[in-house]
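Structure first, commentary second.
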Amino acid sequence: MMTMSRAAILALVVCISFLYRDKIRKHLLPFCIFFIISSLAFYLIKQNSADSRLIIWQVSLQNIAMYPIIGTGPGSFLHQYADGMAILSSAMPDGYLNATDVVQYAFSFLLLIGVEQGLIGLTFAITLIFVIFIRLRSSNDVLKWTLSLLFVTSFFSYTFELLPFQILIVMVCASIFSEGNTCNASYRAFSVLALFLCLAVSICVCQ
């Protein structure tokens, strides 16, 4: 927040909106107007940065469309981004593409996974997120909201592209699933089925 990170502010707004959703429903129109005006203001304050991210996401989606199944391999994002920019620059005016510069991050961990590991990697990632929050759905623990903030921020920034946060999310996930087994039988059966499905798909694309 103090660094004026728009992704962090958006994550905070999403979590607060979910916490106070009942009150927001009663004042939905003023809240929507405030949200739209605030979004426009944050865009204009750092317009070049916002345009740059839009271009990065556009190139990433283009690369996912070119290699949709298994992607281009871990660690290949920057190379694929350069190739994608070369293709995009032939169809876009130079003024639009000048908003971006040499990039270090994908500014969205889902798009990063999509480029490098394709739809299979995206399926694994989304399934993991879903299972984590199913596990935490009945909890009011601060951990649930901390994870929510991290995940929402990572959709629009490079949170999980930094090693400290990668270590943190692995340790948190391990802690969640190492706690006492409170899941019902149907949940455990679903988990076993999902595990075998993941293994089967991994064997098919291991080459």
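The values are calculated or read from the model by the stated rules, or taken from the named source; none is laboratory data. Quick caveat: nothing in here was measured; it's all calculated off a predicted structure. Cβ placement follows ideal geometry from the backbone for every residue including glycine, while neighbour counts extend to all protein chains displayed. For the accessible areas, the whole protein counts, side chains as well, though only heavy atoms, and no ligand, DNA or RNA atoms are used. Shrake-Rupley method; radii C 1.70, N 1.55, O 1.52, S 1.80 Å.
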At R0 = 25 Å the Cβ-Cβ FRET efficiency linking LEU163 and SER49, nearest 0.05, sits at 0.60
Checking rank on 25-37, 74-86, with mean other Cβ inside 10 Å and highest first, the result is 74-86, 25-37
Rounded to the nearest 10 Å², the 1.4 Å probe accessible area of TYR20 is 120
Extension length gain for CYS15 and LEU195 (0.36 nm per residue less Cα distance), in nm, is 61.8 nm
Expected vector for the stretch 15-27, Karplus 3J(HN,Hα) from phi with 6.51, -1.76, 1.60 and θ = phi - 60°, integer Hz, x for Gly and Pro, equals 5, 5, 4, 6, 5, 10, 4, 5, 6, 5, 4, 6, 10
